[in-house]
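The next block holds one structure in the form of C-alpha cells; read it before the comments.
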Amino acid sequence: MTDMSMAMDIQEAPARLKLDAVSFEHRGQTLLEDVSLTLSTSGKTLIMGPNGAGKSLLMRLAHGLLQPSRGQVQWPAGQPRQAMVFQRPVLLRRSALANLTYTLKINAVPRAKRRALAHEALEHFGLAAVAKRPARVLSGGEQQRLALARAWLINPEVLFLDEPTAALDPAAIKAVEDAIADFHRRGTRIVMTSHDLHQARRLADEVIFLCNGRLVEHSKAETFFSAARSAEARAFVKGELVW
Amino acid sequence: MSTGGITASDPHSDSALYTALALVMDMDPALVDIVALSLRVSLSAVLTAALIGLPLGAALALWRLPGRGVVIVALNALMGLPPVVAGLGVYLLLSRAGPLGELGLLFTPSAMIIAQVVLVLPIIAALARQLVEELWGEYQEQLYSFGLSRVRAIPTLLWDARFGLITVVLAGFGRASAEVGAVLIVGGNIDGVTRVMTTAIALETSKGNLPLALGLGIVLLSLVALVNGAAYVIGEAARRRLG
C-alpha cells in the first residue's frame, strides 16, 4: 500500500522502543498489519488516524497489554517504567488520596512515605481540595487529572495516553495538556493518540499516522502537517474524511 | 438446663404472644442460651464460608480454566441446595461408619457449622464470582498496566467490591440462621448442646409450647430483619459515596 522506506524519516536518535513487523489479529480479522517503527528516547509522539485505524491497539501492544499475533515489540535498552492513561480513567472505589497511596503501595514504596508523596502529587495536579472525596464522584476533568497524578507518582520513563482529552471540556483539556508538558519536562517519553488535529499541532514532536491498520507515515510534526507524503495523510490534515 | 419455667405458663392461652414478648424482654436464660448457640454456629459457618468462598469466587472470575463452566453451574445449582440434603450428606460423612466418623463430630456444634458452611459456601462463591468478574472487566487493563498479576489483583478486586460482597455475606448469614433441616440432622437438637433457634421452634411448636416458640420466632425474625436492614443501609451508603 505504502512505500515503507519512504514513510520513515525518523531514525537518527537512539531507539527506546522498536516494533518489528507487528501484526495483530482478532477473530480472523487483521486489525494491525506489519507495523515496523522505532521510537527515540525523548519527545512527544502523536499517533493519529481515522477511527478504527488501530491507534489504541498499537499503543496497547507497545505497553504490553496485548501480545502481537506476529512480530515483536522490543525495548532495546530494557523494559522502562511505564504508565498508561486511558480515555476513561479507571479509578478505584476509594478516595482520591487512597487511589494514589495504592499506586505507591503496589510499587513497594514504604508506607511511611506514601501519604506525603500522594499529597504532593494531589497538590501538583490541583486536587488537594478533593483528596478525601471518593475518586469516582469527581468531575471528568478531575478524574483524568487524578489518573495523571497516579502516573506521575510512578515517574514513568514512557507514558502512554489513549485519547486522554476526548471526553473533556476546554478547561480540563488545557489542564491535561499542561500536565503532559510537565511529564515531558521531567524527561518522560510521551506517546499519545488523538484525533484532534489542533491538539496534535500543539503537542506533537512527531506523528505516526495509521490508516486501516497500516502504518502510513511516521514523520516529524512539521513535515507531517505541512508536507505529508501520503495522500491519506494530506487529506487527513486538511480535515477531509479518510478511510 | 431446663425449660420448665417456661412451660409453666398455659400454652393454650391467648396471651401466648405476650408471654413470648415477656420471655424476650426478661432475657429468659433458656432463650438466651439458644440464641447464643445459634449465633455462634451461624457466624462461625459464615466466617468460614467467606474465607473460602471469596477467594474461590475471585479465582473463578479471573482464570479461564477448563471445567470452569461446570464449577460455576454447580455452584449456582448448589445455591438452591435443600438444607436437609446438605444435612444428610454431612451426616453420612460424620456418622460412625462414615469417612470422617473417627472425628466424633456428629451431634456437636462443629457438625452444625460444617453443614452450614456447605449451605452458605456456594452462595458466597457464586455471587462473589459475579461481582468480581464485573469489576475485573472494568479494572483489567488498568491493573495490568500497573504491572499486577492476576494473583496480586485479587485483594484489590475484593476490596473494591467490598460493599457488594458484604451484602453477599449477609445473604449467606440469612440462609444459615434461618435453615432448620441441616442443623436438625447433624446436630440432633439436643437440649443445651445443639439446640438452636430454628430446631427449638420446630420442637416447641410440636410440643404445643407456643410462648417459647413464638419468643424464639420473634428473635429470629428481628435478627433477619436487622441483617437485611444492614444490607440495605450498606448498599445505599455505597451508592451515595462511591457513585
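The values are calculated or read from the model by the stated rules, or taken from the named source; none is laboratory data. Remember, predicted model here, so these are calculated numbers, not experimental data. Here the Cβ is made from the backbone with ideal geometry for all residues, glycine too, and neighbour counts use every protein chain on show. In case anyone asks, the SASA skips ligands and DNA or RNA and just uses the protein heavy atoms, side chains included. Shrake-Rupley method; radii C 1.70, N 1.55, O 1.52, S 1.80 Å.
Output the number of residues of the range A:173-212 satisfying the condition of being of a type in the set (Gly, Ala, Ser) and either over 30 Å from A:Glu25 (Cβ atoms) or not assigned by TED's automatic domain parsing to the domain that holds A:Ser230 (or both). Outline the logic, then answer.
Here is the first cut: in the range A:173-212, the ones of a type in the set (Gly, Ala, Ser) are A:175, A:179, A:181, A:187, A:194, A:200, A:204.
With either over 30 Å from A:Glu25 (Cβ atoms) or not assigned by TED's automatic domain parsing to the domain that holds A:Ser230 (or both) added as a condition, the list becomes A:175, A:179, A:181, A:187.
Selection size over the range A:173-212: 4.
Output yes when any residue across the range B:209-227 is over 19 Å from B:Leu127 (Cα atoms), in contact with a Ser or Thr (Cβ under 6 Å, 6 or more places away or on another chain) and not in a helix (DSSP H, G or I), and no when none is.
yes
Residue by residue through the range A:192-242, note down the ones that are on the phi > 0 side of the Ramachandran plot and of a type in the set (Gly, Ala, Ser). I'd like the intermediate steps shown before the answer.
Filtering the range A:192-242 down to residues on the phi > 0 side of the Ramachandran plot leaves A:212-213, A:239.
Selection gives A:Gly213, A:Gly239.
Here are some residues: A:Arg88, A:Arg93. Which one is at pLDDT below 95 and open to solvent by 70 Å² or more (accessible area, probe 1.4 Å)?
On inspection, the qualifying residue turns out to be A:Arg88.
Considering the range B:133-153 alone, what residues qualify as being within 23 Å of B:Met79 (Cα to Cα) and away from every other protein chain (no Cβ under 13 Å)?
Residue satisfying the conditions is B:Glu133 alone.
Where in the range A:178-243 are there strands (runs of 3 or more DSSP E), lying fully within it, with 2 or more residues that are basic (Lys, Arg) and touching a residue at least 60 places away in the same chain (Cβ under 8 Å)?
Working: elements: A:189-193, A:206-211, A:214-220.
Strands (runs of 3 or more DSSP E) meeting the threshold: A:214-220.
Among the residues that make up the range B:165-185, is at least one of them within 14 Å of chain A (Cβ to nearest Cβ), open to solvent by less than 50 Å² (accessible area, probe 1.4 Å) and part of a helix (DSSP H, G or I)? Break it down stepwise before answering.
Within the range B:165-185, the first condition is being within 14 Å of chain A (Cβ to nearest Cβ), and the residues that meet it are B:165-166.
So of that shortlist, the ones also open to solvent by less than 50 Å² (accessible area, probe 1.4 Å) come out as B:165.
Next, from what is left, pick out any that are part of a helix (DSSP H, G or I): B:165.
Within the range B:165-185 (the criterion being within 14 Å of chain A (Cβ to nearest Cβ), open to solvent by less than 50 Å² (accessible area, probe 1.4 Å) and part of a helix (DSSP H, G or I)), the answer is yes, since at least one residue qualifies.
Conditions: (1) hydrophobic (A, V, I, L, M, F, W, C); (2) touching a residue at least 60 places away in the same chain (Cβ under 8 Å); (3) surrounded by fewer than 16 Cβ atoms within 10 Å (Cβ to Cβ). B:Leu56 meets all but one. Number of the miss?
Exception for B:Leu56: condition (3).
Output the residues belonging to the range B:216-235 that are over 14 Å from the mean Cα position of the chain (by Cα), closer than 16 Å to B:Ala171 by Cβ and surrounded by 11 or more Cβ atoms within 10 Å (Cβ to Cβ).
If we filter the range B:216-235 for residues that are over 14 Å from the mean Cα position of the chain (by Cα), which is where we start, we get B:216-219, B:221-222, B:225-226, B:229-235.
Then drop every residue that is not closer than 16 Å to B:Ala171 by Cβ, which leaves B:225-226, B:229-235.
B:Leu226, B:Gly229, B:Ala230, B:Ala231, B:Tyr232, B:Ile234, B:Gly235 - these are the residues of the range B:216-235 that are over 14 Å from the mean Cα position of the chain (by Cα), closer than 16 Å to B:Ala171 by Cβ and surrounded by 11 or more Cβ atoms within 10 Å (Cβ to Cβ).
Taking the range A:115-125 as the search range and keeping residues that are hydrophobic (A, V, I, L, M, F, W, C) and part of a helix (DSSP H, G or I), which one is farthest from the other protein chains (Cβ to nearest Cβ)?
So the residue we want is A:Ala116.
What are the residues in the range B:186-206 that are touching a residue at least 40 places away in the same chain (Cβ under 8 Å) and surrounded by fewer than 17 Cβ atoms within 10 Å (Cβ to Cβ), if any?
B:Ile190, B:Asp191, B:Gly192, B:Val193
Considering (1) surrounded by 20 or more Cβ atoms within 10 Å (Cβ to Cβ); (2) within 22 Å of B:Arg40 (Cβ to Cβ); (3) within 14 Å of chain A (Cβ to nearest Cβ), say which one B:Leu157 fails and leave the rest.
Just one mismatch for B:Leu157, condition (2).
Go through B:Ala50, B:Ala30, B:Ala36 for me and flag whichever is part of a helix (DSSP H, G or I), among the hydrophobic types (A, V, I, L, M, F, W, C), within 22 Å of B:Val180 (Cα to Cα) and modelled with pLDDT under 90. Let's see the steps before the verdict.
Values: B:Ala50 fails: modelled with pLDDT under 90; B:Ala36 fails: modelled with pLDDT under 90.
Result of the check over B:Ala50, B:Ala30, B:Ala36: B:Ala30.
Report whether or not B:Leu105 is under 30 Å from B:Tyr139 (Cα atoms), without any contact (Cβ under 8 Å) to a residue 12 or more places away in the chain and part of a loop (DSSP other than H, G, I, E, B).
Working: under 30 Å from B:Tyr139 (Cα atoms): no; without any contact (Cβ under 8 Å) to a residue 12 or more places away in the chain: yes; part of a loop (DSSP other than H, G, I, E, B): yes.
Spelling it out, it is not the case that B:Leu105 is under 30 Å from B:Tyr139 (Cα atoms), without any contact (Cβ under 8 Å) to a residue 12 or more places away in the chain and part of a loop (DSSP other than H, G, I, E, B).
Please determine whether any residue of the range A:127-134 is touching a strand residue (DSSP E or B) at 6+ places or on another chain (Cβ under 7 Å) and more than 25 Å from B:Arg162 (Cβ to Cβ).
Checked the range A:127-134: no residue is touching a strand residue (DSSP E or B) at 6+ places or on another chain (Cβ under 7 Å) and more than 25 Å from B:Arg162 (Cβ to Cβ).
Taking the options A:Ala128, A:Ala98, A:Ala108, name whichever one is more than 14 Å from chain B (Cβ to nearest Cβ) and either open to solvent by 60 Å² or more (accessible area, probe 1.4 Å) or without any contact (Cβ under 8 Å) to a residue 40 or more places away in the chain (or both). Even if it seems obvious, please write down each step before you answer.
On the way: A:Ala98 fails: more than 14 Å from chain B (Cβ to nearest Cβ); A:Ala108 fails: more than 14 Å from chain B (Cβ to nearest Cβ).
When all the criteria are applied, what remains is A:Ala128.
Scan the range B:117-136 and report the pairs whose first residue is within 23 Å of A:Arg94 (Cβ to Cβ) and whose second residue is among the small types (Gly, Ala, Ser) and open to solvent by 20 Å² or more (accessible area, probe 1.4 Å), with Cβ atoms within less than 7 Å and a gap of 6+ or a chain change.
Cβ pairs passing all conditions: B:Leu131/B:Gly164.
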